[in-house]
Number of protein chains: 2
Amino acid sequence: MTTPPPGLRERKKQATREALREAALRLAVERGPDQVRVEDIAKAAGVSPRTYNNYFASREQAIVSAVTADREVRIAAAVAARPAEASLADAVTDAVVEQYTNAGEREHETLLLITTRPALRDAFLDATAGIEPPLTAVIAEGLAERPGDAGAHTARVLAASVVAAVRVALEGWLRPTGEARATRSVCAGGLVVPAGSLPDQLRAALAPLAPAFDAAERGTQP
Amino acid sequence: MTTPPPGLRERKKQATREALREAALRLAVERGPDQVRVEDIAKAAGVSPRTYNNYFASREQAIVSAVTADREVRIAAAVAARPAEASLADAVTDAVVEQYTNAGEREHETLLLITTRPALRDAFLDATAGIEPPLTAVIAEGLAERPGDAGAHTARVLAASVVAAVRVALEGWLRPTGEARATRSVCAGGLVVPAGSLPDQLRAALAPLAPAFDAAERGTQP
DNA sequence: ACGCAAACTTGCGTGCGCGCACTTTTCTTG
DNA sequence: CAAGAAAAGTGCGCGCACGCAAGTTTGCGT
């Protein structure tokens, strides 16, 4: 449907992008990320340094891109394939949690490397912004019964909020990693907040948005 | 309370920052924003170019900073001074709308200049991220009755969502300005969506988040 | 009042993002 | 199938962000 013949042009383009991704990640783990020049990445991928940043605006973006890959489309697909009786809030939460968890499980070493360097950490956080457009589309799909494009506006806000919540969760998950801090923190009330694994952080961050999703799904005035 | 004697050091620092702000904005409107070198701004403010980006990470940031000023503290103050019987959602919405409206009214010419150049437009959007920390604090204040720091986590998510919604509103408001498009757009359903003034856009974008605020304020399981 | 430590500023060097003009490759149209 | 259009790659150069290692100012303790 979308790509009967993807075209030679597009294929070479994706190949170059993939080569740059791989080269950037490989060099970053071999030597330290700070010991990698753009020239090195470009040379390893067989292109000019100028071409390199036709694809990536920064060194960190290229490295992180190897891990981030096409997370956007996978999340959107997961939400689109929801059981239809499940609420939008649950569908979005599950999709986000699963994709980030899978990515987290896949390459521990790389993730650890990324969380170490502040620059890579920031690039990793910025990369989550990429899920917003497809998320907007799929949420708008779920809100299609709303009149006019009122649902479209709501979808944009909800998608942006989800991205914001994910960012908060990732920040909360990255902070203890950066410092040598206990995995649990005790608050004044005596309650123990695990501040735990990535999935827990994500679910905790997305939970406050559930009422907004429910209200949007059932219409503003039912 | 906070600054009985602000200290000589801090005063000079703020003076330098103010001088850089003013110089950047003045030069940007005199010549085009693209015809302003960092060296010029620094020279006009009487400091070294190197000192300049101890204060601002980019040219655009300095220019926009003159308009943005201390919007963070004003929004936080406005929310903190809410009528106590008003809901958190209303308080936050009113505070945000008023501050952005006032800033918008103040200097039409400057705003128009900013919205013209894409780089300044992006910097202006990024500047809204600055309201998140104080907003988080003041929302957490409003959710103080929640046990432990569960309210704190919720406050972070809500504040981040507000920032995201504001960004969506600003994008929707900036897009028609950039192109020569009609101020109203007709959708498939025949409904006319004004896509109107900044306050309208802001309220429309913040409305979907109101249920989340209400749920958080009354507690998850009341 | 004096001197020490921390904070701020400054000159310098490096690598990088990106605009511009040009070459090469790929797609389309007569 | 050839010729022109469109798009990707390339060389070059400018300005800028930022680390580093001084020098300078401010604030505090004794």
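The values are calculated or read from the model by the stated rules, or taken from the named source; none is laboratory data. Computed from a prediction, not measured in an experiment: that's the story for all the values here. In this analysis, Cβ positions are derived from the backbone assuming ideal geometry, glycine residues included, and neighbour counts consider all displayed protein chains. Only protein heavy atoms, including side chains, enter the accessible area calculation; ligands, DNA and RNA are left aside. Shrake-Rupley method; radii C 1.70, N 1.55, O 1.52, S 1.80 Å.
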Give me Rg over Rh for chain B, both radii from the alpha carbons and Rh done the Kirkwood way, two decimal places. 1.02
With x for Gly and Pro, the residue-by-residue ³J(HN,Hα) of the stretch A:79-93, computed from phi through the Karplus equation 6.51 cos²θ - 1.76 cosθ + 1.60 at θ = phi - 60° and given in whole Hz, is 5, 5, 8, 6, x, 6, 9, 7, 6, 4, 4, 5, 4, 5, 4
Go ahead and set up a Gaussian network model of chain B, Cα springs under 10 Å, then flag whichever of B:208, B:133, B:199 fluctuates most. B:208
Ascending list, in nanometres, of distances separating the residue B:44 label from those of the other copies (7 Å, Cα toward Cβ): 4.4
With axes computed from alpha carbons, what is the tilt in degrees of helix B:59-68 against the longest principal axis of chain B, rounded to the nearest 10 within 0 to 90? 60
³J(HN,Hα) computed for each position of the stretch B:154-161 - Karplus, 6.51 cos²θ - 1.76 cosθ + 1.60, integer Hz, glycine/proline x: 4, 4, 4, 5, 5, 4, 4, 5
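Would you please report the Å³ per residue occupied by the convex hull of the alpha carbon atoms in the stretch B:8-66? Don't skip to the end; give the middle numbers.
Details: hull volume 4.0 nm³, N = 59.
So the per-residue Cα hull volume is 67 Å³.
Sort A:87, B:48, A:161 from largest to smallest accessible area, using a 1.4 Å probe on the heavy atoms of the protein chains.
On the way: A:87 30, B:48 50, A:161 0 Å².
From most accessible down to least: B:48, A:87, A:161.
Within the stretch B:73-156, which GluC sites (Glu not before Pro) sit in a loop by DSSP and count at most 14 neighbouring Cβ atoms inside 10 Å?
Working: sites: B:85, B:98, B:105, B:107, B:109, B:141, B:145; in loops: B:85, B:107, B:145.
Here the sparse-neighbourhood loop sites are B:85, B:145.
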Give me the accessible area of residue A:214, 1.4 Å probe, in Å² rounded to the nearest 10. 60
If you plug each phi of the stretch A:103-108 into the Karplus form 6.51 cos²θ - 1.76 cosθ + 1.60 with θ = phi - 60°, what whole-Hz ³J(HN,Hα) values come out, in order, with x for Gly and Pro? 4, x, 5, 4, 9, 4
So for chain B, averaging the separation of alpha carbon pairs under 8 Å that are six or more residues apart and normalising by length, what relative contact order in percent results? 18
In straight Cα distance, which aspartates and glutamates are under 19 Å from residue A:12, not counting same-chain residues fewer than 8 positions off? A:22, A:70
Provide an ascending nm list, one decimal, of label-point separations from residue B:196 to the equivalent residue in each further copy; define each label point as 7 Å from Cα along Cα→Cβ. 5.0
Taking H placed 1.01 Å from N in the peptide plane, check which residues at least 5 places from residue B:117 or on another chain put their amide H under 5 Å from its amide H. none
Once all Cα-Cα distances of the stretch A:63-122 are split into 10 Å bins that start at 0, what whole-number percent is in each one? 21, 43, 25, 10, 1
One decimal, nm, shortest first: give the distances between the label point of residue A:130 and those of the same position in the other copies, each label point 7 Å from Cα along Cα→Cβ. 3.0
Sorting A:108, A:153 by accessible area (1.4 Å probe), largest first, what list results? A:108, A:153
Which of the lysines could be linked to residue B:13 by a straight reach, that is with a Cα gap under 29 Å, when you skip same-chain ones fewer than 8 residues away? B:43
Give me the net charge of residue A:90's neighbourhood, meaning all other residues with Cβ under 15 Å from the Cβ of residue A:90; Lys, Arg count +1, Asp, Glu -1. -2
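Summing Lys, Arg as +1 and Asp, Glu as -1, what charge do residues with Cβ under 12 Å from the Cβ of residue B:39 carry, residue B:39 excluded? Mind showing how you got there, number by number?
Working: positive: B:37, B:43, B:50, B:59; negative: B:40.
Neighbourhood net charge equals +3.
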I'd like the accessible area for residue B:43, computed on protein heavy atoms only with a 1.4 Å probe and all protein chains in place. Round to 10 Å², please. 150
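Measuring with a 1.4 Å probe in the full set of protein chains, what accessible area per residue, in whole Å², belongs to the stretch A:39-124? Working shown, then result.
Working: 4250 Å² over 86 residues.
Each residue of the stretch A:39-124 exposes 49 Å² on average to a 1.4 Å probe.
Taking the convex hull of the Cα atoms, report for the protein assembly as shown its projected area averaged over all directions, in nm².
Averaged projected area of the protein assembly as shown's Cα convex hull equals 26.0 nm².
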Once accessible area is computed for A alone, B alone and the pair with a 1.4 Å probe, the total buried surface, to the nearest 100 Å², works out to 2100
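Under the 0.36 nm per residue contour assumption, what length would be gained going from the current alpha-carbon distance of residue A:119 and residue A:58 to full extension?
Values: separation 61, 0.36 × 61 = 21.96 nm, distance 1.04 nm.
That works out to 20.9 nm of additional length.
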Which value, in Å² and to the nearest 10, is the accessible area of residue B:136 when all protein chains are kept and the probe is 1.4 Å? 30
